[in-house]
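Notes follow the structure.
The values are calculated or read from the model by the stated rules, or taken from the named source; none is laboratory data. Everything quoted here is computed from the prediction, not taken from an experiment. Positions of Cβ are generated from backbone atoms using ideal geometry, with glycine treated the same way; all protein chains shown enter the neighbour counts. Ligands, DNA and RNA are excluded from the accessible area calculation, which covers all protein heavy atoms including side chains. Shrake-Rupley method; radii C 1.70, N 1.55, O 1.52, S 1.80 Å.
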Amino acid sequence: MATPHLGAEPGDFAPDVLMPGDPRRAARIAETVLQDATLVTEVRGILGFTGTFDGAPVSVLASGMGMPSISIYATELYRFYGVRRIIRIGTAGGMAPHLEVGDVVIANAAHTDSQMTALRIPGIHYSHVPSYRLLAAAANAAGVGDPPPTGRRRRARSPKAYVGPVISSDTFYADRPQTNDLLVAHGTLAVEMEAAALYATADREGGEALAICTISDLLFSDASLSAEERERLFDRSVQLGLAAFATA
Ligand code: HPA
């Protein structure tokens, strides 16, 4: 039986799901990374596929944009399709001054301005945190904390991976420089729009979750990636997600 937002049958999704925001990215991952991927849902154009990677079943489902959207899909995956682990593979705006476009932020916490989860436990400021096992596995696969590469042929700066907090915001076009300054002063690395709700949904449904974000733009300076470079760097975080599933 399908759910209100997913047309798949029970058993159509693998226990491990990669979750980009954009349905076309979901299709690209299915075509270029998974083996034998088949389309399992396309309700509202939110494409979902199931295939294998290195012999292990893996699904990919788009989340759409924002916390209401990702919490609908994550809830239905965990609650009705037996999904155990979801890794969001997204983009984020870099806030911390040391970040550059193409870097990866693995979110070990997600602050939020959303009320969706703040009121979940009355009287409590809820902490949005990922699965430690997925976090540790992804950080390890990304070489976080490893010494920098040495040797003459190393390039000026290759994309780096960081573990740290993100802010999951309800507004993309927000105008609040003071808030951003305070978030940076408190160690926030990047802004995106889904991680906090994904982490809270995983907690409520008894599943595991992680968000791995590629920095696609910088809040405090102009920088952008070519379309080709954006896809190549995005593929890197897909590989990190798959490595985390395989080793967690
Ligand atoms: N804000 C919110 N979400 C984002 C951004 C941003 O600047 N960049 C990529 N996702």
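Where in the stretch 132-148 does the amide nitrogen come within less than 19 Å of the point 7 Å from the Cα of Ala246, taken along Cα to Cβ?
Answer for the stretch 132-148: 133-144.
When ranked by the protection proxy of mean other Cβ atoms within 10 Å per residue, highest first, what sequence do the peptides 88-96, 177-185, 47-55 form?
For the peptides 88-96, 177-185, 47-55, the packing ranking is 88-96, 47-55, 177-185.
For Ser114, enumerate residues with amide H under 5 Å from its amide H, sequence gap 5+ or separate chain, H modeled in the peptide plane.
Here the answer is Asp170, since their amide H atoms fall under 5 Å of that of Ser114.
When only C-alpha pairs under 8 Å and at least 6 residues apart count, what is the relative contact order of the chain, in percent?
Taking the mean separation of contacting Cα pairs over the length of the chain, I get 26 percent.
Would you mind listing how long the chain runs along its three principal axes, going by Cα atoms, in whole Å with the largest first?
52, 50, 30
Kindly report the accessible area of the chain per residue (heavy atoms of protein chains, probe 1.4 Å, no ligands, DNA or RNA), in Å². Numbers along the way, then the final one.
Working: 12160 Å² over 248 residues.
Ligands and nucleic acids excluded, the figure is 49 Å² per residue.
With runs of 4+ DSSP H residues as the only contributors, calculate the mean residue ellipticity of the chain at 222 nm using -39,500 (n - 2.57) per run, divided by the residue total and rounded to the nearest 500.
After summing the helix terms and dividing by the residues of the chain, the value is -9500 deg cm²/dmol.
Keeping the other protein chains in place, figure out the carbon and sulfur percent of the accessible area of the stretch 99-248, with a 1.4 Å probe.
Details: 4270 of 8110 Å².
Within the stretch 99-248, the accessible surface is 53 percent carbon and sulfur.
Using a cut-off of under 20 Å, list every residue of the stretch 101-129 whose amide N is near the label point 7 Å from the Cα of Gln178 along the Cα-to-beta-carbon line.
Within reach of a label on Gln178: 112-114.
Go through 195-206, 64-75 and give me the packing order, highest mean Cβ count within 10 Å leading.
My ranking of the peptides, most packed first, is 195-206, 64-75.
Would you list Met1, Met116 from the most to the least accessible area, probe 1.4 Å?
Numbers: Met1 160, Met116 85 Å².
Output order, biggest surface exposure first: Met1, Met116.
What is the stretch 90-160 by shape, rounded, prolate or oblate, if you read a ≥ b ≥ c off the alpha carbon gyration tensor as root eigenvalues and call it rounded for a/c under 1.5, prolate for a/b larger than b/c, and oblate otherwise?
Numbers: a/c = 3.99, a/b = 2.18, b/c = 1.83.
Here the stretch 90-160 falls in the prolate category.
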